[in-house]
Structure formats: structure tokens, C-alpha cells
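Take a look at the structure below.
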Amino acid sequence: MSLTALLWKELKSIKGSKVIATYASSLGVLALFFLLIYFGQVTLFTGLTRELAIQQFMKDPKIFGISVDEVEKLKDNINELLALSILVTQLPMIIPLFTAIMTYTSIWESFNVEKACKTMEVLLASPVKIRDIVLAKYISGIFHGVNVWLINVALAFAMIQYLSLRILGRLWAPSEFFITLTFIIAPSMICLASVLALLVGIRGSETLAKVFDKVIVLIPLAVMIIALPANLHPKQLIEIYEYIALASVTSSLIIVLWSRRMINRLSFIVNY
Amino acid sequence: MIEVNEITAGYESKPVIHDISFSVGKRALYVLLGPNGAGKTTTFRVITGILPPIKGRVLVNSVDLWSKPEEAKRYIGYLPEGDRLYPDLTVEDNLKIFGKIYRVSKSDILRSLELLGVDDLKDVKVKKLSAGLRKRVALARAIMHNPDVLVLDEPFANLDVESVDSLRRIIIDFVKDKVVVLSTHRVSELSYFEEINSYLGIIVNGILRINTRLINAVRLVKKPLVVLKVSDIELSKKILEGTNVEFTLRENMIVVQVPKYEDISSIIKLLVESGIGVYEVRPAEQPIETLLKVLSKEV
């Protein structure tokens, strides 16, 4: 019962917080992607984005759900080819980034609100378990992370379908690359981001927060950066991604087991 | 009722409070008086189940707070120092959060807001309210589940005179059928509670030095202190020594204790007629140490 009440509180208190801004920015980036593609303004994407997209795409279009014959037919229309390659190679990469940022932000922000309003004291004086206070923040963070993840996946999928129908005249079947990034890497980022935020929240440490703030952006960025070497085949890239996902989930589990011991009432009172 | 038995709390290596014991029965007020940093908040954190004691125990309505916290905490309403509300939420939402925890109906939430005179503000965001109104909302949150024991940490701090007056009346009203435990660092607060069943504890450096009926302290507090800033302190001292006026010197000023405020005019007149300039006259707070000294002799 108290967990339900605490969850209700968590969802209520996102008003005016960074969580709303993160929702808006993730949707904003996707909307920008769509508008540029819709109006055929692919030249407005950065040179690096365009080059990377076309390089990866041309190495093995099948991994991205497009046949070689279809690519051959598109060679006369370089803008359409570029638009398609950006959507199928780059768009799935930003999903883990926003998913990680949202999960981390919502958990850490929730602890931050208690710190700024000094409300942890009132919560601790009420008949709730300290474990439920932490759990409510965790579940609410996961909820927002999953929300952003699913919304982004649905929108990215819809965008690719739209372009596929427009250019190829057929429905696009989710490729191995898309599935790896959206259904393996993104959930693994939810795991990692949630436990790092929990760790910072439980300790109430600003120093730890400053380090993890960077980590949580750098890891998904690394997912994009490792795709840079031109000689890396998309198959190898997918393998690396699977290792990253495995490492993220494993380290998350270790931190969760470890953090149970770190929930310390005194630290909550001193730091909050 | 609440029974506090020999609680020691803080850090293991450096406890903040030592062996604090007191008990308060129904329809009574217990005032914990002490200077800032004396251990009042730590004591309150222990008796509200926030901070576990190193030793000792707290019984609320005969339920051990630290072995059955969920049950015992339902009997307690807590108003911490400050308001500790969520500023971006409305008044009603702030109460609803805790209403769900305490399983309080919406009508009870609205009733407590009404009791504190803030029901018409239920849809207003807390950040738009004055400190006095926020304190009322926080108090409404503390009482909405109809607790038997109300713990109020420095309830009058940072409030305007009007808010303090109305809050005092509300507290006195609560004492009619509840246990109220409140802390303050202002000796002058004591006189407002002399007419109700009230007790006083004085805490200094984490030790409860005095535990007595409040009425014993009120008669001392009732003699007001007035600070006089004068042109010649030595001459003033000499003149006052020749009278039966009780006075002390404090940082180049004279602090006189008079039976009532009106008596100060004759002292000022005496000083002025002796050629001494009186630049400032203001009421002063009775030092806790003085009260402690006098009560220690009596208890």
C-alpha cells in the first residue's frame, strides 16, 4: 500500500522537473529527424552523420533490412539513398542514448527533489519502509526510461516504414541492426542507468553524481563512436553491441546486490 | 501517550543526545527548550522514528517505535522545522501523498485543511504561499490522520507575529485531546502555555538538564527583560546599584529585569535625570542559562 502511495507521489512530482524536459528533447530530436527527411533536407545532417551512414549501409545493406538490388536501383537518387541509410543506421543509435538519459535523470532528479525540499525527513517519519522509498524511485525511473524507449522505438519504426513505403514501395521488416540497438542495447542502458542513479541517490553524493552524469552520456555515445572505424563491418559492430549490453546488465546486477547494503538511514538523514 | 526512555542517539562514536527520558500523557503539552544545536531536533528525529537510537526506547501508545515502526508511526503526527513540502505540487496534492500513506480519505484531508484555515488554497501551488501559510499546510499534513501524539519541531521559527499567534491557538486547541511535544529555543514562548497542562524539559549539549512542570518556569519568564543602550555604562551601573532594580551588563548594554514592562519608564527617567543618554530600549529574550540556573536550584 505504501509503495503504491510512493509511486503515485513519484509520478505526481515530475511536474516542473527535468524529466519533462528530457521527454521533450527526445521527442524533439526524433521530430527533427522526421522533418529533415520529410522535406528532403538530408544535406542539413552533419557531414560525419551522412558519411558514416552511407559507409555502414553500403557495406552490408541486408543487415539494415534493405536488399542489394534495392540499393542498386536507388543509386541514381543519392538523396533518397542517403535519407534511407541515415534512418536505418543512425536513428536506432540515438534510442539507447535518450533511454539512458531519461532513466538516470528521473531517478536522480527524484532524489534531488527530496534533497531540495528536505522532504526525506517527513517520509522517514511516516509509516513507510525506507526500502519502499528507494524502490518507488527506482520503479518510477524504469517507467520513464521504458516510456522513452518504447515511444522512440515506435516513432523510429514508423519513420522508417514511411520512408520505405515512399522510396522502396514496400513495408520494411525490422533488421538485425535495428533489433540489436533497440531491443538489446536500449534495455541494457535502462539497467545500467537506473542502478547508477540509484547508487548516486542512496549515497546522496554530489561528487559521485558529477562522475555518473558523464558516464551515463558517454556509454551510449560510445555505442555511436565505435561505429566510426570505416573498416568495421556491421556484423562486428552488432557483436560489440551485444558485449556492451551483457557488460551493462552484469555490472547493473552487481551494483544492485551491493547497493542493498548501502541503504543507510543515517546517510539519508545527513545527506537529505 | 509517549514514553521516552534513556535514549542516546547520533553517531556511535559521538552521540548528539545522551540518556534523554521523559513521558507525556494525554491532554498534555511537553515543551523541549534548548539553544540551537542542543539536540532538540535529534531528540525529535528519534521520537518520530526517523533516526534509530544507539540505545534506549520510545513507546507510543505502548507500542515500541523501533520494533513496530509502521504501527507506532501511525499514532504520530510530525511537523519538522520548516515546512518540508513539495513546492511544485498543490496544497491538496502535498497532503494526498501522505494521505495515501496513512490511508486517509479525501474528506479528512479537506477537513484538516479547513481546520487550519487553508482549505480555499487547496489548488494553489505551495511555492506561491507565504511561510506562515506553508506552515499551516504542513501542520494540516501532520494532523490529517488524527494522530494521538503531535510532534512539532520549532513550530514558530521564521513566522510573522500573526502566524505565531494563530499557531499557538491551534496548538493549545490540540492539547485538549492529544499529546503535543514541541521544541523551541525561545524562553518567552513558555508563558503562552501556562494555562494548559504542560511540562518543560531543558536540553543543553545533548543532556536533558531539567524536567519539570512548565508553570515553575513561567513565573520566572513572566518578569520581562529590557535592554538599554546608554551613553555611560559605568555611571548607569553605579546608579542602578543604589536601587533595588535587578540588572546585568551585556556587551556594553544594561539588561534590566522588571516585574512588568510599564516599570521601565521610571528606570529610564532615573538614568536621564542623572545625565545619562538612553539611546535604545528593547525587550530581550531571557537566556536559557538563567532559567536553567534558577530551576536547578529549585528542582
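If you stretched the chain out fully between A:Ile226 and A:Glu51, how much longer would it get, using 0.36 nm times the residue separation minus the C-alpha to C-alpha distance? Walk me through the numbers on the way to the answer.
Details: separation 175, 0.36 × 175 = 63.00 nm, distance 1.46 nm.
Taking 0.36 nm per residue and subtracting the Cα distance, the gain is 61.5 nm.
Based on the Cβ-Cβ distance of A:Leu165 and A:Trp258, what FRET efficiency does E = 1/(1 + (r/R0)^6) give at R0 = 60 Å, to the nearest 0.05?
Numbers: r = 49 Å, r/R0 = 0.82.
Working from the Cβ atoms, E equals 0.75.
Toward the positive end of the charge dipole of the stretch A:2-271, about the Cα centre and with charges on Cβ (Lys, Arg +1; Asp, Glu -1), which of A:Ile160, A:Tyr104, A:Ser85 goes farthest?
A:Tyr104
Which residue, A:Phe57, B:Val255, B:Ser166, has the largest displacement toward the positive end of the dipole of the protein assembly as shown when charges sit on each Cβ (Lys, Arg +1; Asp, Glu -1)?
The Cα lying farthest towards the positive end belongs to B:Ser166.
Under 11 Å from the Cβ of A:Gly141, count the other residues' Cβ atoms, weight Lys and Arg +1, Asp and Glu -1, and hand me the total.
-1
Would you list which lysines come within 29 Å of B:Lys269, measuring only between C-alpha atoms, while excluding same-chain residues fewer than 8 positions from it?
Those lysines meeting the cut-off are B:Lys222, B:Lys223, B:Lys229, B:Lys237, B:Lys238, B:Lys260.
When A:Met120, B:Met1 are ordered from fewest to most other Cβ atoms inside 10 Å of their Cβ, what list results? Walk me through the numbers before you get to the answer.
On the way: A:Met120 21, B:Met1 16.
Fewest-to-most Cβ neighbours within 10 Å comes out as B:Met1, A:Met120.
Describe numerically, in nm with one decimal, the distance between label points set 7 Å from Cα along Cα→Cβ at A:Leu218 and at B:Ala157.
Placing both labels 7 Å along Cα→Cβ, they lie 4.1 nm apart.
As an exercise, use a Förster radius of 51 Å and the Cβ-Cβ distance of B:Asp177 and B:Tyr279 to find the FRET efficiency, rounded to the nearest 0.05. Display every interim value, and only then the final one.
Numbers: r = 50 Å, r/R0 = 0.97.
Computed FRET efficiency for B:Asp177 and B:Tyr279: 0.55.
Round to the nearest 0.05 the FRET efficiency obtained for A:Ser17 and B:Met1 when R0 = 41 Å and r is the Cβ-Cβ distance.
Step by step, r from the Cβ atoms, then E = 0.50.
What is the extension gain from B:Val294 to B:Asn146, computed as 0.36 nm multiplied by their sequence separation minus the C-alpha to C-alpha distance, in nm to one decimal?
Residue separation times 0.36 nm, minus the Cα-Cα distance, leaves 49.5 nm.
Give A:Lys15/A:Lys210; B:Lys26/B:Lys122; A:Lys12/A:Lys115; B:Lys73/B:Lys293; A:Lys18/A:Lys118 a once-over and call out the pairs whose C-alpha atoms are over 26 Å from each other.
Too far apart for the 26 Å limit: B:Lys26/B:Lys122; B:Lys73/B:Lys293.
Within chain A, which whole H helices from DSSP have a Cα span along their axis of at least 20 Å and a mean Kyte-Doolittle hydropathy of 0.5 or more, if any?
Helices meeting the criterion: A:18-38, A:91-117, A:130-167, A:186-203, A:206-225, A:234-259.
When only C-alpha pairs under 8 Å and at least 6 residues apart count, what is the relative contact order of the stretch B:197-299, in percent? Don't jump to the answer; show the numbers that get you there.
Working: 134 pairs, mean separation 34.3, N = 103.
Rounded, it is 33 percent for the stretch B:197-299.
For labels at B:Ser105 and A:Val68 in the simple 7 Å Cα→Cβ model, what's the distance in nm?
7.5 nm
Going 7 Å from the Cα of A:Asp60 toward and past its Cβ, which residues in the stretch A:162-193 have a backbone nitrogen under 19 Å from where you end up?
A:173-185
Take every Cα pair under 8 Å in chain B that's 6+ residues apart, average their separations, divide by the length, and report that relative contact order as a whole percent.
Once divided by the residue count of chain B, the mean separation gives 20 percent.
What lysines does A:Lys235 reach when the alpha-carbon gap must be under 18 Å and sequence neighbours fewer than 8 apart in one chain are set aside?
By straight Cα distance, A:Lys235 reaches A:Lys59, A:Lys62.
Give me A:Thr89, A:Thr250 sorted ascending by neighbouring Cβ count inside 10 Å, so fewest comes first.
A:Thr250, A:Thr89
Among B:33-39, B:200-206, how do they line up from the highest to the lowest mean number of other beta-carbon atoms within 10 Å?
Per-residue mean Cβ counts within 10 Å order the peptides as B:200-206, B:33-39.
Let me know the mean shielding of A:123-136 by other chains, meaning the per-residue number of their Cβ atoms within 10 Å of its Cβ.
The shielding value for this peptide is 5.
Distance in nm between label sites at B:Asn252 and A:Thr207, each 7 Å beyond Cα in the beta-carbon direction?
4.4 nm
By count of other Cβ within 10 Å, fewest leading, how are B:His18, A:His144 ordered? Could the numbers behind the result be given before it?
Values: B:His18 18, A:His144 25.
Ranking B:His18, A:His144 by Cβ neighbours within 10 Å, fewest first, gives B:His18, A:His144.
When only C-alpha pairs under 8 Å and at least 6 residues apart count, what is the relative contact order of the stretch A:2-271, in percent? Each step should come with its number before you reach the end.
Numbers: 301 pairs, mean separation 74.0, N = 270.
It rounds to 27 percent for the stretch A:2-271.
Every number in this text was worked out from the coordinates using simple rules, so none of it is lab data. Computed from a predicted structure; not experimentally measured. FYI the Cβ positions are ideal-geometry reconstructions off the backbone, even for glycines, and counts take in every protein chain you see.
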